[in-house]
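Here the structure comes first, spelled out in structure tokens, and everything after it is commentary.
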Amino acid sequence: MEDLLGPDLLHWNSTFRIKEPKTNQHAAWYQDTAYIKLKPFLSICWLALSSANSRSGCLRVIPGSHLGPLLGHSEGNDPDSILSRAQYINETFDQSGAIDIELAPGETTVINHSIIHSSNPNQSDDRRIGLLMDYLPTSAVKEGPRDTAILVRGEDHFGHFELETGPVSDDPLRNVEHQRHSLKAITKTMYAHSQHKPKGLS
Ligand SMILES: O=C(O)CCC(=O)C(=O)O
């Protein structure tokens with residue numbers, strides 16, 4: 001990530017993206033920039049923890065689409081969507097150049113958060129497990145409520161994000177409570193103006 005983004009790096013968010021075998025769980029075409037207003041850009045690292053291929057519903061992208069415009073998006077109600085808002089692009093665009101990013105367990109891909117991407121249902125016999133990790137340079141600026149992030153490399157001379165600490169206690173319950181503050185901050189961004197409610201947070 002340092003080769004791509006420079007020496008001063010923040011890690012903003014991590015999410016497991018799991019699709020059970022032989023289900024319709026999927027992600028419709030969308031761009032993260034529709035909901036995450038962050039400049040210059042966010043680098044999303046998708047690490048395969050199981051085989052991610054065409055059959056198991058790997059990540060699909062339209063190469064070069066991060067250089068094009070931000071397209072119109074709508075929120076949906078599809079229970080099979082693995083996305084927080086069941087969002088999808090609501091206008092016509094050229095899908096002919098779409099490619100599957102096939103990864104063996106342990107391999108990773110890095111995408112720009114403006115790229116148009118999606119993933120199809122998992123038709124294999126095994127779970128498809130990916131870990132999404134969002135990285136940004138400390139100079140990055142995010143619109144909206146102030147958020148938290150962990151400094152994973154270098155120094156932060158900007159203070160655009162509230163810096164998270166590591167675990168604060170030997171007591172796991174205290175650490176969970178401590179992390180709740182960061183989770184609440186990020187869900188304000190993820191669910192801003194959404195009809196959907198974050199799951200598992202009280
Ligand atoms: O993991 C997937 O299949 C797609 C996930 C995704 O596009 C996202 O969370 O932004």
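Of the residues making up segment 29-47, those that are more than 10 Å from the ligand (Cβ to nearest atom) and under 23 Å from residue 122 (Cβ atoms) are 45, 47. Scanning segment 9-49 for residues being outside any strand (DSSP E or B), over 10 Å from the mean Cα position of the chain (by Cα), hydrophobic (A, V, I, L, M, F, W, C) and farther than 12 Å from residue 135 by Cα gives a total of 2. Within segment 166-188, residues that are modelled with pLDDT of 85 or more have Cβ atoms under 7 Å from residues that are among the charged types (D, E, K, R) in these pairs: 168/174, counting only partners at least 6 apart in sequence or on another chain.
List, please: which pairs have Cβ atoms under 6 Å, are six or more places apart or on different chains, and start with a residue in segment 137-151 that is free of Cβ contacts under 8 Å to residues at least 60 places away in the same chain and end with one that is crowded, with 16+ Cβ neighbours inside 10 Å and outside any loop (DSSP other than H, G, I, E, B)? So the pair list comes out as 148/182; 148/185. Here residue 162 passes the criteria (1) more than 16 Å from the ligand (Cβ to nearest atom); (2) in contact with a His (Cβ under 7 Å, 6 or more places away or on another chain) except the one numbered (2). Here 114, 124 are screened, and the one residue that is among the small types (Gly, Ala, Ser), under 25 Å from residue 9 (Cα atoms), within 15 Å of the ligand (Cβ to nearest atom) and touching a residue at least 12 places away in the same chain (Cβ under 8 Å) is 114.
Among the residues of segment 116-135, the ones that are over 12 Å from the mean Cα position of the chain (by Cα) and buried (at least 21 other Cβ atoms within 10 Å of the Cβ) come to 4 in all.
Does segment 153-196 hold any residues that are part of a loop (DSSP other than H, G, I, E, B) and closer than 18 Å to residue 39 by Cβ, and which are they?
Filtering segment 153-196 down to residues part of a loop (DSSP other than H, G, I, E, B) leaves 154-161, 164-171, 191-196.
Residues satisfying the conditions are 156, 157, 158, 159, 160, 161, 192.
Does segment 45-62 contain at least one residue that is out of contact with any His (no Cβ under 7 Å at 6 or more places or on another chain), among the polar types (S, T, N, Q) and either closer than 29 Å to residue 141 by Cα or modelled with pLDDT under 95 (or both)? Step through it out loud before you land on a result.
So in segment 45-62, the residues out of contact with any His (no Cβ under 7 Å at 6 or more places or on another chain) come out as 45-56, 58, 62.
Checking the rest, the ones that are also among the polar types (S, T, N, Q) come to 50-51, 53-54, 56.
In the following step, the residues that additionally are either closer than 29 Å to residue 141 by Cα or modelled with pLDDT under 95 (or both) were identified as none.
Among the residues of segment 45-62, not one is out of contact with any His (no Cβ under 7 Å at 6 or more places or on another chain), among the polar types (S, T, N, Q) and either closer than 29 Å to residue 141 by Cα or modelled with pLDDT under 95 (or both), which makes the answer no.
The values are calculated or read from the model by the stated rules, or taken from the named source; none is laboratory data. Remember, predicted model here, so these are calculated numbers, not experimental data. Backbone-built Cβ (ideal geometry, glycine too); neighbour counts: all protein chains shown.
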